[in-house]
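Asker: Below is one structure. I have some questions about it.
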Amino acid sequence: MASGSRNPLVVGRVIGDVLDPFESSIRLLITYGNRNVNNGCELKPSQVAKQPQVSIGGNDLRIFYTLVLVDPDAPSPSNPSFREYLHWLVTDIPSTAGASFGMRIDQVDRLGPTI
């Protein structure tokens, strides 16, 4: 990232609130239809109604990943009453493939009190 620019994940408080700081170690490409998702971009609900295409740029068949898609400030930044709402969880994604090759977890038991 160019010096003087700010990481949109830090600016949007994803790093700090949802994630600890990290160094990216592999290419991850996410697209909804024909639109690439980049850190910090905003998408309308109509643009994300269908499952995204996910491509992981690894080259080691022995490495597997987990993809967790959460909304860090649901339903809105001014009222994050459902903070870190889990939308999608896929495990066992081979590093040479995409999320469609992993195991999708459709039902996740929620931790914490029922609201």
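Asker: With the structure loaded, tell me whether residue 9 is assigned to a helix (DSSP H, G or I), modelled with pLDDT under 85 and surrounded by 13 or more Cβ atoms within 10 Å (Cβ to Cβ) or whether it fails that test. Give the derivation first.
Answerer: Values: assigned to a helix (DSSP H, G or I): yes; modelled with pLDDT under 85: yes; surrounded by 13 or more Cβ atoms within 10 Å (Cβ to Cβ): yes.
Against the criterion (assigned to a helix (DSSP H, G or I), modelled with pLDDT under 85 and surrounded by 13 or more Cβ atoms within 10 Å (Cβ to Cβ)), residue 9 qualifies.
Asker: Please determine whether any residue of the stretch 65-76 is modelled with pLDDT under 85, over 20 Å from residue 26 (Cα atoms), touching a strand residue (DSSP E or B) at 6+ places or on another chain (Cβ under 9 Å) and open to solvent by 60 Å² or more (accessible area, probe 1.4 Å).
Answerer: Yes, that holds for at least one residue.
Asker: Got a sec? Which of 48, 54 is surrounded by 15 or more Cβ atoms within 10 Å (Cβ to Cβ), more than 18 Å from residue 17 (Cα to Cα), within 16 Å of the chain's Cα centre (by Cα) and modelled with pLDDT under 85? Spell out how you get there, then give the answer.
Answerer: Details: 54 fails: modelled with pLDDT under 85.
Answer to the check: 48.
Asker: Does residue 37 satisfy the criteria of being within 15 Å of the chain's Cα centre (by Cα), at pLDDT 85 or above, surrounded by 10 or more Cβ atoms within 10 Å (Cβ to Cβ) and of a type in the set (A, V, I, L, M, F, W, C)? Write out each step before concluding.
Answerer: On the way: within 15 Å of the chain's Cα centre (by Cα): yes; at pLDDT 85 or above: yes; surrounded by 10 or more Cβ atoms within 10 Å (Cβ to Cβ): yes; of a type in the set (A, V, I, L, M, F, W, C): yes.
Here the answer is yes, as residue 37 does meet what is asked.
Asker: Let me ask something additional. Mind checking which residues of the stretch 45-61 are in contact (Cβ under 8 Å) with a residue 40 or more places away in the chain and among the β-branched types (Val, Ile, Thr)?
Answerer: 54, 56
Asker: Which residue pairs have Cβ atoms under 9 Å apart, sit 6 or more places apart or on different chains, and have a first residue in the stretch 25-44 that is farther than 21 Å from residue 75 by Cβ and a second that is part of a strand (DSSP E or B) and open to solvent by 90 Å² or more (accessible area, probe 1.4 Å)?
Answerer: These pairs meet every condition: 29/53; 30/53; 31/53; 33/53.
Asker: Pull up the stretch 82-105, narrow it to residues that are in contact with a Leu (Cβ under 9 Å, 6 or more places away or on another chain), modelled with pLDDT under 85 and assigned to a loop (DSSP other than H, G, I, E, B), then point me to the one that is nearest to residue 26 (Cα to Cα).
Answerer: 96
The values are calculated or read from the model by the stated rules, or taken from the named source; none is laboratory data. All of these numbers come straight from a predicted model, not from anything done at the bench. Every residue, glycine among them, receives a Cβ derived from its backbone with ideal geometry; neighbour counts consider all protein chains shown. Surface areas here come from the heavy atoms of the whole protein model, side chains and all, with no ligands, DNA or RNA. Shrake-Rupley method; radii C 1.70, N 1.55, O 1.52, S 1.80 Å.
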